[in-house]
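Asker: One structure coming up, written as structure tokens, with questions to follow.
The values are calculated or read from the model by the stated rules, or taken from the named source; none is laboratory data. Being a predicted model, the structure only gives us computed values, none of them experimental. Note that each Cβ is placed from the backbone with ideal geometry, even for glycine, and that neighbours are counted across all protein chains shown.
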Amino acid sequence: MKKVIFTTGGTGGHIYPALAVADELKNREVDCMFVGTIHRMERDLIPRAGYKFIGLDIIPFNSIRGIVKLLKATVEAFKILRKEKPDAVFGFGNYISVPILTAAFLTRTKIYLQEQNAEFGMANSLFYRWSKKTFLAFEKTYDDLPQKYTDKLKVTGNPLRKEFSYLDVKHERDKLKIKENEKMLLITGGSQGSKNLNDAVLKHWDTLFKESNIRIYWSTGENNFEEVNNKISKMKPNDVIRPYFSNMPSVMTASDLVICRAGALTISEVIELEKPSIFVPLNAGGQKANADMLKEKNAALVYDNVDAEAALLKAIELIKNNNEIQKMKMNLKEQFNGIQHIGIPTNDIEATIDFYKALGFEIAFRTVNEEADEEVAFLKLNTLVVETYENKAAKMEAGAIDHMAIDVKDIEKVYEMINQAGLNTTNDTVHFLPFWENGVKFFTIEGPNKEKVEFSQYL
């Protein structure tokens, strides 16, 4: 059995993507374990998730004491590698990963990295040159790195918890007993909390209290919860204030508007759930760059940390305005018209045409793809279109359909949104073919079963 050591920690934004990957590898019978620090939340989260955890005495390197602890932790990391003999070390960023990655580099253990933010973090920037592969959350990160390392990089998006793949808004709202006429505002400063945001909410708590149709879900962070709790003398029966929501996927799904930090994981969750959002990013950890990506798409509002109060007041204003909320939704479905065609490679195009003609299909368009030197035919039955092309590579067994093409309104916009969401698993670009009257533009991604999904626009 292969073994992988994961290393990261500090915040949920680093830990949860690592856990998502570990869960998938575990399903593939890979032995996974974690190395982090004894001082941060991973010491509790990782064992609770069912994984072996080794804690090192690591603190930030911004002092003599921190540097001394780094050196000692690196020595310990060598001992861990000698004992565990992993096939690879997988780093998910944060200073906490430096000791074990250093030991992996010096012992020539395979290194893989994942960068959650739009801007490359310190730890990953130290090691990507020697990694087998570095997985990026956003296309934008390519801009930070020398072109000669492009082959070591791949945009995959941020790994999300499995819960995000099957969440339904109505179901989650029903679970939380949210009424149809109620709006839900989620306020969260991430796993560490936000003092500025918490202070803004406290200052305007009376206003929020008076809004009977707005339900508040407020995550204060562990460090601020007691202070917040002591200062609140009244609250609506259905408002919920917690240090952190362990059911955050459910809470975020049910919300109408989110006001939050701009950690990479939060950004990816917002994109996945298509949630209108107001970001109050920290001026660290690439949060500003993360938030600005959605701001540029008019999918979110962004306020400086010092303007947290203004951000909260805007949130109160917006959540009462359905039209504005809808405008902010980042919804790919709005760009889709439906299925354009399905693609079937063939060894004998004439036999394929004859078969589908016998089923009632008609030839809608026939040509030669000169670039690939393949005959192509589009066969139509009512709204169903089959594209068959003679590439002499027919599967000749179940699963012969090669791809599904979705008809889109604006191929360039869809391409940007697919990349933004981290779904361009093939790292494909937009192509042109002189098909039909004015040609088509298209690109292709892969689904979780290696199925090819094409996005195509008639020009």
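Asker: Could you please give the count of residues in region 127-164 that are under 14 Å from the mean Cα position of the chain (by Cα) and among the acidic types (D, E)?
Answerer: Residues in region 127-164 being under 14 Å from the mean Cα position of the chain (by Cα) and among the acidic types (D, E): 2 in total.
Asker: Quick one: in region 199-235, of everything that is polar (S, T, N, Q) and touching a strand residue (DSSP E or B) at 6+ places or on another chain (Cβ under 8 Å), which residue is farthest from E180 (Cα to Cα)?
Answerer: N229
Asker: If you don't mind, there's one more thing I want to ask. Residue check: is T425 farther than 15 Å from N347 by Cα and without any contact (Cβ under 8 Å) to a residue 40 or more places away in the chain?
Answerer: For T425, the condition - farther than 15 Å from N347 by Cα and without any contact (Cβ under 8 Å) to a residue 40 or more places away in the chain - is not met.
Asker: Search region 58-106 for residues being polar (S, T, N, Q) and surrounded by 13 or more Cβ atoms within 10 Å (Cβ to Cβ), and hand back the single one that is farthest from G36 (Cα to Cα).
Answerer: Residues of region 58-106 that are polar (S, T, N, Q), as a first pass: 62-63, 74, 94, 97, 102.
Checking which are surrounded by 13 or more Cβ atoms within 10 Å (Cβ to Cβ) leaves us with 74, 94, 97, 102.
Values: T74: 12, N94: 10, S97: 7, T102: 14 Å.
Going through the qualifying residues, I end up with T102.
Asker: For residues that are over 23 Å from N224 (Cα atoms) and among the acidic types (D, E), scanning just region 235-290, find the one that is modelled with the highest pLDDT.
Answerer: D256
Okay, residues lined up against (1) farther than 24 Å from L45 by Cβ; (2) free of Cβ contacts under 8 Å to residues at least 40 places away in the same chain:
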position: H171; (1), (2): yes, yes
position: N198; (1), (2): no, yes
position: H204; (1), (2): yes, no
position: N224; (1), (2): no, yes
position: F245; (1), (2): no, no
position: V251; (1), (2): no, no
position: S255; (1), (2): no, no
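Asker: Kindly indicate which of L101, L106, L145, L81 is modelled with pLDDT of 90 or more and within 27 Å of Q287 (Cβ to Cβ).
Answerer: Sole residue among the options that is modelled with pLDDT of 90 or more and within 27 Å of Q287 (Cβ to Cβ): L101.
Asker: Sticking with this structure for a sec: Provide a single number: the residues in region 21-44 that are surrounded by 20 or more Cβ atoms within 10 Å (Cβ to Cβ) and in contact with a helix residue (DSSP H, G or I) (Cβ under 8 Å, 6 or more places away or on another chain).
Answerer: Qualifying residue count, region 21-44: 7.
Asker: Search region 429-450 for residues being among the polar types (S, T, N, Q) and loosely packed, with under 11 Cβ neighbours inside 10 Å, and hand back the single one that is farthest from A377 (Cα to Cα).
Answerer: N449
Asker: Another question about this same structure. When you check N238 against the structure, is it touching a residue at least 60 places away in the same chain (Cβ under 8 Å), of a type outside the set (V, I, T), touching a strand residue (DSSP E or B) at 6+ places or on another chain (Cβ under 9 Å) and surrounded by fewer than 21 Cβ atoms within 10 Å (Cβ to Cβ), yes or no?
Answerer: Judged against the criteria, N238 is a match.
Asker: Scan L197, L265, L208, L202 and give me the residue that is in a helix (DSSP H, G or I) and in contact with a Lys or Arg (Cβ under 6 Å, 6 or more places away or on another chain).
Answerer: Criteria check complete, one pass: L202.
Asker: Now for a separate question. Where the second residue is buried (at least 16 other Cβ atoms within 10 Å of the Cβ) and among the acidic types (D, E) and the first is part of a helix (DSSP H, G or I) and lies in region 14-34, which pairs have Cβ atoms under 9 Å and are six or more apart or on separate chains?
Answerer: These pairs meet every condition: H14/E42; I15/E42; A18/E42; L25/D31.
Asker: Another one. Return the residues of region 143-160 that are closer than 19 Å to D428 by Cβ and in a loop (DSSP other than H, G, I, E, B); say none if nothing qualifies.
Answerer: T156, G157
Asker: Sticking with this structure for a sec: Modelled with pLDDT of 95 or more and either within 28 Å of N290 (Cβ to Cβ) or not in a strand (DSSP E or B) (or both): does that describe V4?
Answerer: Yes, satisfied.
Asker: Anything in region 380-418 that is within 24 Å of M293 (Cβ to Cβ) and either at pLDDT below 80 or assigned to a loop (DSSP other than H, G, I, E, B) (or both)? List them, or say none.
Answerer: K409, D410 - these are the residues of region 380-418 that are within 24 Å of M293 (Cβ to Cβ) and either at pLDDT below 80 or assigned to a loop (DSSP other than H, G, I, E, B) (or both).
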